[in-house]
Amino acid sequence: MFHIVGVTPEVPTLSAATGGRALPTVKVSRSDVAGDWLHFNPTTGETIDLVALGNPHFSFDECDALAKLCAGRTKHADLALTVTLSRATHARIVEAGIATTLEAFGATIVRDACWCTVMQPIVPPGARTILTNSGKYAHYGPGLSGKQVRFAGLAACVEAAVTGSAQAGPPAWLVG
């Protein structure tokens, strides 16, 4: 687990993160992130069979962001999009109408499970390539599922869910 000063809500300052103590810090460069992206995406542009979101669980805010990206769009017929979340979050997204938008897009919602514990039928038996926005699942997924697992941001995961294939190359913010 890590905190990003100014990004993680409870960490507006380095002092807030450390409780005033001097702790070692690590600076991560664009080059470091690009190397990690390439590690999780040795090939790109291939057909995606499953978009796996929520490892361990998607939050209410992530579900809301996903619904906004999916609204008015159609999921590719040959691809599954599955979101894992807690039953409490599920109740909240049902109440807020978010679940309706996700289901209209074609998303499957699985409660109280983590991708590290799920297999068939949640992972379709014929799936060869999985796309996720979870660094955890991108790391552990190949060994757990026996499938190729690729990594992308949420918007790129939705694009793949619509088109059926992964983005060819790293995101513009990473190379620009």
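Readers should treat all values here as calculations from the given coordinates under stated rules, not as data from a laboratory. Because the structure is a prediction, the values reported are computed rather than measured. In this analysis, Cβ positions are derived from the backbone assuming ideal geometry, glycine residues included, and neighbour counts consider all displayed protein chains.
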Cα pair distances of segment 3-82 binned at 5 Å [whole percent]: 3, 10, 11, 15, 16, 18, 12, 7, 5, 2, 0
Residues TRP173, TRP37, sorted so that the one with the fewest Cβ neighbours within 10 Å comes first: TRP173, TRP37
As an exercise, use a Förster radius of 22 Å and the Cβ-Cβ distance of ARG30 and TYR140 to find the FRET efficiency, rounded to the nearest 0.05. 0.30
Ranked by Cβ crowding within 10 angstrom, fewest neighbours first, how are LYS27, LYS136 ordered? LYS27, LYS136
Take the Cα of LEU14, step 7 Å along the line toward its Cβ, and report every residue of segment 22-65 whose backbone nitrogen sits under 16 Å from that point. 22-29
What's the center-to-center distance, using Cα atoms, between segment 89-113 and segment 39-86 in Å? 13 Å
Which whole-number percent gives the relative contact order of the chain, counting Cα pairs below 8 Å spaced six or more residues apart? 28 percent
Relative contact order of segment 1-89, defined on C-alpha pairs under 8 angstrom at six or more residues apart (%): 26 percent
Build a GNM of the chain with springs between Cα atoms under 10 Å: which of GLY141, GLY35, GLY19 gets the top mean-square fluctuation? GLY19
Provide HIS76, HIS39, HIS90 in ascending order of the number of other Cβ atoms located within 10 Å of each residue's Cβ, fewest first. HIS39, HIS76, HIS90
